[in-house]
Amino acid sequence: MHPIKNLIRGNKLFRKYHFDEFKDDLQELIINGQKPKVLFISCCDSRITTDFMIGSKPGDLFTLRNIGNFVPPYSTDGEFHGNASAIEYAISVLKVSNIIVCGHSHCGACQSLYEDIPDTNDYINIRKWLELGEEAKQITLKNKHLYKNKEEIYKATEKNSIICQLKNLLTYPAIKRKVDTKEITIHGWYYDLMDGSIEYYNEKSNSYENINNYL
Ligand SMILES: [Zn+2]
């Protein structure tokens with residue numbers, strides 16, 4: 001089927017079979033405004049289907065998606081910062097109490113850190129953006145002896161990147177302040193496309209563990 005026709009058909013089915021389920025909640029959210037408790041930062045990857053994988057509903061998540069689920073460090077250079085403004089809005093206006101950086105397996109962004117990106121203007125912004133994964137790559141390569149093959153290196157890079165992005169979150173003064181006062185908790189999650197499972201980053205043990213043991 002034509003990809004757009006497919007989406008139109010999907011919307012018809014959504015309205016017919018599922019919209020009623022959310023109707024009352026949405027009415028309330030329209031009248032009183034959204035009050036999400038979670039800023040969810042994930043990858044643009046089309047295989048990440050947030051509402052399916054964690055059962056979130058309208059109003060639950062303020063979502064920021066970008067290539068690689070990267071967090072650009074805080075900047076005051078006055079340029080257009082779409083990612084940073086979404087983060088600021090979540091923190092300062094919506095006052096979310098949780099930030100989840102959700103990376104994933106088979107991430108094209110992390111893999112491309114090991115590939116040559118064409119040096120042309122058609123890729124100029126991708127090349128720049130991928131610099132945000134460089135630290136994770138370097139950390140991974142330092143421990144290269146631990147990994148048997150490329151796949152394991154990519155996986156380690158994906159997981160190390162989440163930790164780097166959590167660190168970048170703390171460069172935002174408002175986030176640092178609110179983490180220190182425990183108004184905000186930050187979480188690193190890793191979603192596996194192979195089986196839909198999620199692991200969380202345990203800062204104390206510096207390792208990823210099954211989400212079922214979390215909280
Ligand atoms: Zn990705």
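Readers should treat all values here as calculations from the given coordinates under stated rules, not as data from a laboratory. Model, not experiment: these values are computed from the prediction. Cβ placement follows ideal geometry from the backbone for every residue including glycine, while neighbour counts extend to all protein chains displayed.
Pull up all non-local amide H partners of Tyr172: gap of 5 or more, or a different chain, and H-to-H distance under 5 Å with H placed in the peptide plane.
When sequence neighbours closer than 5 places are left aside, the close amide H contacts are Tyr74.
Order the peptides 63-73, 1-11, 201-211 from the highest to the lowest mean number of other Cβ atoms within 10 Å of their residues.
Details: 63-73: 21.0, 1-11: 9.1, 201-211: 12.1.
In descending order of packing, they fall as 63-73, 201-211, 1-11.
What translational D, rounded to a whole number of µm²/s, comes out for region 1-87 from Stokes-Einstein when the hydrodynamic radius is the Kirkwood one over Cα pairs, at 25 °C and 0.890 mPa s?
157 µm²/s
Name the residues whose placed amide hydrogens come within less than 5 Å of the amide hydrogen of His187, ignoring near sequence neighbours (fewer than 5 apart) on the same chain.
HN-HN under 5 Å from His187: Ile99, Ile100, Val101.
Enter the per residue convex hull volume of region 52-110, computed from alpha-carbon coordinates, in Å³ rounded to the nearest integer.
113 Å³
For region 167-181, what does the Karplus curve 6.51 cos²θ - 1.76 cosθ + 1.60, with θ = phi - 60°, yield as ³J(HN,Hα) per residue in whole Hz, taken in order and with x for Gly and Pro?
5, 4, 4, 6, 6, 7, x, 5, 5, 4, 4, 6, 6, 4, 8
Quick one: what are the phi-derived ³J(HN,Hα) couplings along region 156-165, Karplus 6.51/-1.76/1.60 with θ = phi - 60°, whole Hz, x for glycine and proline?
With the stated coefficients, region 156-165 comes to 4, 5, 4, 6, 5, 5, 4, 5, 4, 5 Hz.
So, counting K/R as plus one and D/E as minus one, what does the shell of residues with Cβ under 11 Å around Ser105 add up to?
Taking every other residue near Ser105 into account, the sum is -3.
Stretch Leu141-Leu26 to full length: gain in nm at 0.36 nm per residue minus the Cα-Cα span?
Stretched fully, the Leu141-Leu26 segment lengthens by 36.7 nm.
Can you list the HN-Hα couplings for region 32-48, worked out from phi with the Karplus curve (6.51, -1.76, 1.60; θ = phi - 60°), rounded to whole Hz and with x for Gly and Pro?
After applying 6.51 cos²θ - 1.76 cosθ + 1.60, I find 9, x, 6, 9, x, 9, 10, 8, 10, 9, 9, 7, 5, 2, 5, 8, 8 Hz.
Relative to the present Cα-Cα distance, how much length would full extension add between Cys44 and Ile211 at 0.36 nm per residue of separation?
Gain on extension, Cys44 to Ile211, equals 57.9 nm.
Filter the trypsin sites (Lys or Arg not before Pro) in region 149-194 down to the DSSP loop ones having no more than 10 other Cβ atoms within 10 Å, then list what survives.
Sparse-neighbourhood loop trypsin sites (Lys or Arg not before Pro): Lys182.
So what is Rg over Rh here for the chain, counting just Cα atoms and using Kirkwood for Rh?
On the Cα set of the chain, Rg over Rh gives 0.98.
Looking only at Cβ-Cβ distances, which cysteines of the chain have no other cysteine closer than 4.7 Å?
Cys43, Cys44, Cys102, Cys164
With runs of 4+ DSSP H residues as the only contributors, calculate the mean residue ellipticity of the chain at 222 nm using -39,500 (n - 2.57) per run, divided by the residue total and rounded to the nearest 500.
Result for the chain: -11500 deg cm²/dmol, rounded to the nearest 500.
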